[in-house]
Every structure is written in structure tokens, then in C-alpha cells.
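K.L.:
Here it is, the structure in full.
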Amino acid sequence: MTYETTRRTVLLATGATGAAALVAACGGGGDDGDSASTSAPAGQVLANIDEIPVGGGKIFKDEEIVVTQPEQGQFKAFSAICTHQRCLVSTVSDGTINCPCHGSKFRIGDGAVAHGPATRPLPAEDIVVEGNSVRLT
């Protein structure tokens, strides 16, 4: 049996490949971001407390965690993976954790959505402050 490559076959194959690449690039695995999973080991020191600004925070890209200090001496930690399309958040400013991909913003105090398109909060991560260090638990 002989198969003939037609323009339609080439276009369909190219379109399917492009669509698959687009879905992979946007993290379209259907995960809604509820699972909090950290690649960092428990007990790891993330930062000194003076590295986390009051009213702001710091993103730890390798660990996929963002640590915030909403008020003096109050530290919170959340997944740094946006619950919309699983992009890594990029900044913490003006009381929000900000995703560069589609503009979602999350509150630094509780990880709640401050601005969509995300509809779910950032999952909390467990940390402990010991002396001047912020550690994963």
C-alpha cells in the first residue's frame, strides 16, 4: 500500500505539533495548582529574616516557594507556582505576589487571589522561624 503525502496531511500534522507545544508551554496538564509540593528538603534554611522585607517577600525559584512578611515579625510561605497555568511567580510588590504570565496577583498575608485570572489561592507552605533564619519544616 502506498501513502501519498498531501498538503492537508502536512498542515494537520504541523498544527497538531504546534498545539501540543502550546499546551506544554502553558502548563496545560489540567492541574489546577492545588497540590503543594516543594522540591526543597525539610529543615533547609531559606533565608535570614532580614532578607524578607516587611510588607513584601522573596521568591525562592529553585525551591518554588515565596516567603512573605505581611507585618513585622509575621512570616508566611506559599507555593511560588501560580494556580492559573502553573507559571512561576516573578515579583512581590504592593502587598501582592505577582505572576508574569497572565497577570494574576495573590495577597501576601494569605495567598488569596487579589486579581485573576487565577481563581484559587496559592497553597501555603510550612516554614518555621528559628533565631534569624527562615526554614522549611
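The values are calculated or read from the model by the stated rules, or taken from the named source; none is laboratory data. Since the structure is predicted, the reported quantities are computational estimates derived from the model, not experimental observations. So basically every Cβ, Gly included, is an ideal-geometry build from the backbone, and we count neighbours across all protein chains shown.
K.L.:
Suppose we filter Pro100, Pro117, Pro70 for residues that are of a type outside the set (A, V, I, L, M) and touching a Lys or Arg at 6+ places or on another chain (Cβ under 8 Å); which single one remains?
P.N.:
Values: Pro100 fails: touching a Lys or Arg at 6+ places or on another chain (Cβ under 8 Å); Pro117 fails: touching a Lys or Arg at 6+ places or on another chain (Cβ under 8 Å).
After ruling out the rest, the residue left standing is Pro70.
K.L.:
Taking the range 62-84, which residues are without any contact (Cβ under 8 Å) to a residue 40 or more places away in the chain and more than 21 Å from Arg120 (Cβ to Cβ)?
P.N.:
Once the filter is applied, which keeps residues that are without any contact (Cβ under 8 Å) to a residue 40 or more places away in the chain and more than 21 Å from Arg120 (Cβ to Cβ), the range 62-84 yields Asp62, Gln69, Glu71, Gln72, Gly73, Gln74.
K.L.:
Then there's this: Taking the criterion of being within 13 Å of the chain's Cα centre (by Cα), closer than 21 Å to Ser133 by Cβ and of a type in the set (A, V, I, L, M, F, W, C), would at least one residue in the range 48-58 satisfy it? Lay out the reasoning, then the answer.
P.N.:
Going residue by residue through the range 48-58, those that are within 13 Å of the chain's Cα centre (by Cα) are 58.
Remaining after also requiring closer than 21 Å to Ser133 by Cβ: 58.
Next cut, of a type in the set (A, V, I, L, M, F, W, C) only: none.
No; the residues of the range 48-58 include none that is within 13 Å of the chain's Cα centre (by Cα), closer than 21 Å to Ser133 by Cβ and of a type in the set (A, V, I, L, M, F, W, C).
K.L.:
Which condition does Ile81 not pass, out of (1) of a type in the set (A, V, I, L, M); (2) modelled with pLDDT of 55 or more; (3) more than 25 Å from His115 (Cα to Cα), if it passes all the others?
P.N.:
Every listed condition holds for Ile81 apart from (3).
K.L.:
Answer with yes or no whether Lys58 is under 24 Å from Asn48 (Cα atoms), of a type in the set (D, E, K, R) and either surrounded by fewer than 20 Cβ atoms within 10 Å (Cβ to Cβ) or modelled with pLDDT of 95 or more (or both). Give the steps one after another, and end with the answer.
P.N.:
Working: under 24 Å from Asn48 (Cα atoms): yes; of a type in the set (D, E, K, R): yes; either surrounded by fewer than 20 Cβ atoms within 10 Å (Cβ to Cβ) or modelled with pLDDT of 95 or more (or both): yes.
In short, yes.
K.L.:
Also: Of the residues in the range 122-137, how many are assigned to a loop (DSSP other than H, G, I, E, B) and either touching a Pro at 6+ places or on another chain (Cβ under 8 Å) or on the phi < 0 side of the Ramachandran plot (or both)?
P.N.:
Going residue by residue through the range 122-137, those that are assigned to a loop (DSSP other than H, G, I, E, B) are 122-123, 125-126, 131-132, 137.
Right, trim to either touching a Pro at 6+ places or on another chain (Cβ under 8 Å) or on the phi < 0 side of the Ramachandran plot (or both) and you get 122-123, 125-126, 132, 137.
Residues in the range 122-137 being assigned to a loop (DSSP other than H, G, I, E, B) and either touching a Pro at 6+ places or on another chain (Cβ under 8 Å) or on the phi < 0 side of the Ramachandran plot (or both): 6 in total.
K.L.:
If I filter the range 113-121 for residues that are hydroxyl-bearing (Ser, Thr, Tyr) and buried (at least 22 other Cβ atoms within 10 Å of the Cβ), do I get at least one hit?
P.N.:
Within the range 113-121, the subset hydroxyl-bearing (Ser, Thr, Tyr) is 119.
Okay, now just the ones that are also buried (at least 22 other Cβ atoms within 10 Å of the Cβ), so none.
No; the residues of the range 113-121 include none that is hydroxyl-bearing (Ser, Thr, Tyr) and buried (at least 22 other Cβ atoms within 10 Å of the Cβ).
K.L.:
So, restricting to strands (runs of 3 or more DSSP E) that lie completely within the range 67-121, which ones have at least 3 residues that are in contact with a Pro (Cβ under 7 Å, 6 or more places away or on another chain)? Lay out the reasoning, then the answer.
P.N.:
Values: elements: 74-79, 91-93, 96-98, 105-107, 113-115.
Those strands (runs of 3 or more DSSP E) span 74-79.
K.L.:
Does the range 70-95 hold any residues that are among the β-branched types (Val, Ile, Thr) and surrounded by fewer than 21 Cβ atoms within 10 Å (Cβ to Cβ), and which are they?
P.N.:
Here is the first cut: in the range 70-95, the residues among the β-branched types (Val, Ile, Thr) are 81, 83, 89, 91-92.
The one that is among the β-branched types (Val, Ile, Thr) and surrounded by fewer than 21 Cβ atoms within 10 Å (Cβ to Cβ): Thr91.
K.L.:
Quick one: is Ser90 of a type in the set (Gly, Ala, Ser), modelled with pLDDT under 55 and in contact with a strand residue (DSSP E or B) (Cβ under 9 Å, 6 or more places away or on another chain)?
P.N.:
Against the criterion (of a type in the set (Gly, Ala, Ser), modelled with pLDDT under 55 and in contact with a strand residue (DSSP E or B) (Cβ under 9 Å, 6 or more places away or on another chain)), Ser90 does not qualify.
K.L.:
Give the residues of the range 85-105 that are closer than 10 Å to Leu122 by Cβ and not hydroxyl-bearing (Ser, Thr, Tyr), sorted by residue number. Even if it seems obvious, please write down each step before you answer.
P.N.:
To start, the set of residues in the range 85-105 that are closer than 10 Å to Leu122 by Cβ comprises 89, 97, 99, 104.
Answer for the range 85-105, where residues must be closer than 10 Å to Leu122 by Cβ and not hydroxyl-bearing (Ser, Thr, Tyr): Val89, Ile97, Cys99.
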